[in-house]
1. If a residue has to be crowded, with 16+ Cβ neighbours inside 10 Å, without any contact (Cβ under 8 Å) to a residue 60 or more places away in the chain and not charged (D, E, K, R) to count, how many in region 98-115 make the cut?
2. Within region 125-142, does at least one residue satisfy the condition of being farther than 28 Å from Asp196 by Cα and in contact with a Leu (Cβ under 8 Å, 6 or more places away or on another chain)?
3. Within region 81-97, track down each residue that is over 15 Å from the mean Cα position of the chain (by Cα) and buried (at least 17 other Cβ atoms within 10 Å of the Cβ).
4. Scan region 170-193 for residues that are crowded, with 20+ Cβ neighbours inside 10 Å and either without any contact (Cβ under 8 Å) to a residue 40 or more places away in the chain or more than 21 Å from Asn417 (Cα to Cα) (or both) and jot them down.
5. Among the helices (runs of 4 or more DSSP H) confined wholly to region 300-352, which include 3 or more residues that are in contact with a Leu (Cβ under 7 Å, 6 or more places away or on another chain) and at pLDDT below 95?
6. What about Lys297, is it at pLDDT 95 or above, of a type in the set (Lys, Arg), within 22 Å of Asn417 (Cα to Cα) and out of contact with any Leu (no Cβ under 8 Å at 6 or more places or on another chain)?
7. Among the numbered criteria (1) among the hydrophobic types (A, V, I, L, M, F, W, C); (2) crowded, with 18+ Cβ neighbours inside 10 Å; (3) at pLDDT 95 or above; (4) in contact with a Phe, Trp or Tyr (Cβ under 8 Å, 6 or more places away or on another chain), which one does Ala249 miss?
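The values are calculated or read from the model by the stated rules, or taken from the named source; none is laboratory data. The structure presented is a predicted model; accordingly, all values stated were derived computationally and were not measured. In this analysis, Cβ positions are derived from the backbone assuming ideal geometry, glycine residues included, and neighbour counts consider all displayed protein chains.
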Amino acid sequence: MRRRVVVTGMGVVTPLGTTVPQLWANLKEGKSGVDFTTIFDASNFPTRISAEVKNWSLADVGEDPKLWEKRGRHTKFAIGAARQAVNDSGVLGTVDPDKFGVYLGAGEGQQDFYNFSHMMVAALKNGELDLAAFIQEGLKRLDPQLELEQEPNMPAAYMATHFGAEGPNFNCLTACAASSQAVGEATEIIRRGEADVMLSGGAHSMIHPFGVTGFNLLTALSENNAQPQKASRPFDLNRDGFILGEGAAVVVLEDYERAKKRGAPIHGEILGYGTTADAFRITDTHPEGRGAITCMKMALRDAQKNATDIDYINAHGTSTQVNDKVESLAIKEALTPDVAYKVPVSSTKSMTGHLIAAAGATELIISLMSMRDSVVPPTINYETPDPNCDLDYVPNAARDRKVKTILSNSFGFGGQNIALIAGAV
């Protein structure tokens with residue numbers, strides 16, 4: 001028999017709140033974490049707004065900021081969220097180090113755009129790139145340690161060292177599906193008995209010139225600069241793209257029997273995990289939602305649940321034209337229309353922005369809070385219905401509702417699809 005896996009600790013660092021209670025309170029009130037970009041000068045970019053983590057320091061969670069001064073922004077976020085999660089769980093000192101692992105879905109840290117620009121200027125000779133000059137300028141300008149610190153695997157490495165987790169250590173980077181995939185795979189590791197406790201979740205910070213330029217070129221970002229807090233409008237007819245965010249979310253996953261024996265707080269149980277690939281196009285989801293439908297059905301089978309058991313769906317809901325249309329279609333197909341029309345579906349990205357690799361774990365934590373308090377968070381900025389998006393999106397105001405079982409969707413560029421199902425214990 002496979003072991004049951006529960007969540008015994010949670011922590012977040014997000015644009016809308018840097019603790020779980022703060023994030024949850026702001027979500028219930030329908031607040032937005034979107035504003036004008038300040039991390040770099042975005043005044044000449046098509047998108048000049050984002051969801052930044054502001055006024056936060058590792059000192060807020062009892063860590064010495066000086067020890068992390070030269071670490072990547074994503075690593076700082078990850079350690080901050082993990083410290084909250086392990087404190088919440090009380091797991092440290094109770095688990096054998098070799099049965100304590102880390103599985104993150106973390107993206108890169110802040111890229112050194114300005115030194116790269118100087119390297120390009122130094123290397124341009126009569127309109128041609130002199131590669132040798134480019135390399136020589138890089139050797140003068142770039143700090144190899146600082147460059148290494150931006151690698152996606154650094155948060156997982158530092159987390160293991162900081163908390164003494166000597167068991168399995170992985171990082172996956174499947175774009176917007178990464179932290180949900182990490183939670184699913186970490187769950188499987190505990191189910192198989194390869195670890196007793198796993199720190200899982202994700203961290204990312206793409207609010208830099210390279211990140212914004214890339215998403216602008218893909219026409220994926222909203223350009224509603226005149227109304228930052230109204231720019232993210234999932235499922236609304238007039239949506240024009242997502243808002244780039246940043247942050248981290250970490251959960252402590254633990255074998256249920258072990259958690260129960262030590263009297264740990266249990267926030268919920270990971271019941272089901274589904275993972276598929278569209279095998280279609282790199283930047284477009286399959287127009288019929290093929291992979292999304294399959295992964296939701298897979299998660300239901302894994303959880304041994306029926307569609308009628310789902311009380312709330314935290315949608316991927318990016319606020320792009322294609323994603324929201326296809327996800328709505330896929331939910332109806334996976335759950336059947338009769339069921340889908342009765343289940344509240346909300347996109348909390350309308351408030352947090354899109355945290356990319358950190359999005360899924362953040363939304364899992366939000367879903368667990370929804371289950372705890374019997375409150376479904378809203379989709380804000382929903383004003384004009386779209387005939388292609390005709391589900392109950394909990395428009396603009398939180399709703400009281402008994403929630404025992406949740407479904408959380410995450411779909412990434414590249415066609416990766418993840419569905420997680422969690423329930424009350």
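1. First pass over region 98-115, keeping only residues crowded, with 16+ Cβ neighbours inside 10 Å: 99-112, 115.
If we keep only those that are without any contact (Cβ under 8 Å) to a residue 60 or more places away in the chain as well, we get 112, 115.
Retained after the next criterion (residues that are not charged (D, E, K, R)): 115.
Looking only at that region, the number is 1.
2. Here is the first cut: in region 125-142, the ones farther than 28 Å from Asp196 by Cα are 125-142.
Checking which are in contact with a Leu (Cβ under 8 Å, 6 or more places away or on another chain) leaves us with 130.
Yes; the residues of region 125-142 include at least one that is farther than 28 Å from Asp196 by Cα and in contact with a Leu (Cβ under 8 Å, 6 or more places away or on another chain).
3. First, pick out the residues of region 81-97 that are over 15 Å from the mean Cα position of the chain (by Cα): 83-97.
Selection gives Arg83, Gln84, Ala85, Val86, Asp88, Ser89, Val91, Val95.
4. Within region 170-193, just Ile190 meets the criteria.
5. On the way: elements: 321-335, 337-340, 349-352.
Hits in region 300-352: none.
6. On the way: at pLDDT 95 or above: yes; of a type in the set (Lys, Arg): yes; within 22 Å of Asn417 (Cα to Cα): yes; out of contact with any Leu (no Cβ under 8 Å at 6 or more places or on another chain): yes.
When the stated conditions are applied, Lys297 passes them.
7. (4) is the only condition that Ala249 fails.
Yes or no, residue by residue, for (1) hydrophobic (A, V, I, L, M, F, W, C); (2) in the same structural domain as Thr276 (by TED's automatic domain parsing); (3) closer than 26 Å to Cys172 by Cβ:
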| position | (1), (2), (3) |
| --- | --- |
| Ala340 | yes, yes, no |
| Ala357 | yes, yes, yes |
| Ala361 | yes, yes, yes |
| Met371 | yes, yes, yes |
| Glu383 | no, yes, no |
| Asn388 | no, yes, no |
| Gly415 | no, yes, yes |
